[in-house]
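Right, one structure below, let's go through it.
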Amino acid sequence: VARSIVVVLLLWRVPCGDKVALDDTIKDWRMRMAEIKHGAAGCRPYVVVASYGADSAQMAVVKEFLERQGPEIEAHMAFEDSEADAVMGTLQGVAEAVIAKQRAVRHRSGDELVRAASKSSATCTCV
């Protein structure tokens with residue numbers, strides 16, 4: 001069930017050069033990741049980081065955060081455009097990508113089930 005959940009950590013409308021706002025954002029991300037990592041590995045949501053209009057100093061901090069998190073973060077996307085429409089487009093794209101990934105996993109699982117069933121005397125029909 002949790003694999004149907006997507007957590008998008010946003011760096012959006014954080015003024016360039018505002019170290020306090022950036023630190024607050026990263027602190028919040030760390031708390032969210034601690035909550036996520038507390039759950040069972042197989043039940044964790046997809047986690048994506050999306051940065052909008054970040055300068056090079058902010059991107060360096062984001063990169064450091066990503067390196068410390070490891071494989072729990074599925075993707076990082078960086079955009080120059082920081083308009084609300086860009087954010088909504090990204091969220092739509094992430095949702096569509098997760099749905100496609102889930103369909104691929106289900107299809108692959110179905111194929112594996114058919115192969116396993118064909119090796120036994122059981123009959124299997126996957127929908």
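Which ones in region 43-61 are more than 23 Å from K101 (Cβ to Cβ) and either open to solvent by 40 Å² or more (accessible area, probe 1.4 Å) or of a type outside the set (F, W, Y) (or both)? Don't jump to the end; show me each part of the working.
We begin by selecting, within region 43-61, every residue more than 23 Å from K101 (Cβ to Cβ); these are 52-61.
Residues satisfying the conditions are G53, A54, D55, S56, A57, Q58, M59, A60, V61.
Name the residue, out of M33, M77, that is at pLDDT 95 or above and open to solvent by less than 60 Å² (accessible area, probe 1.4 Å). Give the steps one after another, and end with the answer.
Values: M77 fails: at pLDDT 95 or above.
Matching residue, one of M33, M77: M33.
Looking only at region 80-105, which residues are in contact (Cβ under 8 Å) with a residue 24 or more places away in the chain, surrounded by fewer than 17 Cβ atoms within 10 Å (Cβ to Cβ) and within 19 Å of R13 (Cβ to Cβ)?
Passing the criteria: E80, D81, S82, A86, L91.
Can you tell me which of S82, S109, S51 is closer than 22 Å to V6 by Cα, in contact with a Phe, Trp or Tyr (Cβ under 9 Å, 6 or more places away or on another chain) and at pLDDT below 90? Write out each step before concluding.
On the way: S109 fails: in contact with a Phe, Trp or Tyr (Cβ under 9 Å, 6 or more places away or on another chain); S51 fails: at pLDDT below 90.
After applying the criteria, what remains is S82.
Within region 8-46, count every residue that is in a strand (DSSP E or B) and either of a type in the set (D, E, K, R) or more than 21 Å from E80 (Cα to Cα) (or both). Steps first, answer last, please.
Filtering region 8-46 for residues in a strand (DSSP E or B) gives 8-11, 46.
If we keep only those that are either of a type in the set (D, E, K, R) or more than 21 Å from E80 (Cα to Cα) (or both) too, we end up with 46.
Residues flagged as in a strand (DSSP E or B) and either of a type in the set (D, E, K, R) or more than 21 Å from E80 (Cα to Cα) (or both) within region 8-46 amount to 1.
The values are calculated or read from the model by the stated rules, or taken from the named source; none is laboratory data. Small disclaimer: the values here were computed from a predicted structure and weren't measured. Reconstructed Cβ throughout: ideal geometry from the backbone, glycine too, with neighbour counts over all protein chains shown. Side chains included, ligands, DNA and RNA excluded: accessible areas come from the protein's heavy atoms. Shrake-Rupley method; radii C 1.70, N 1.55, O 1.52, S 1.80 Å.
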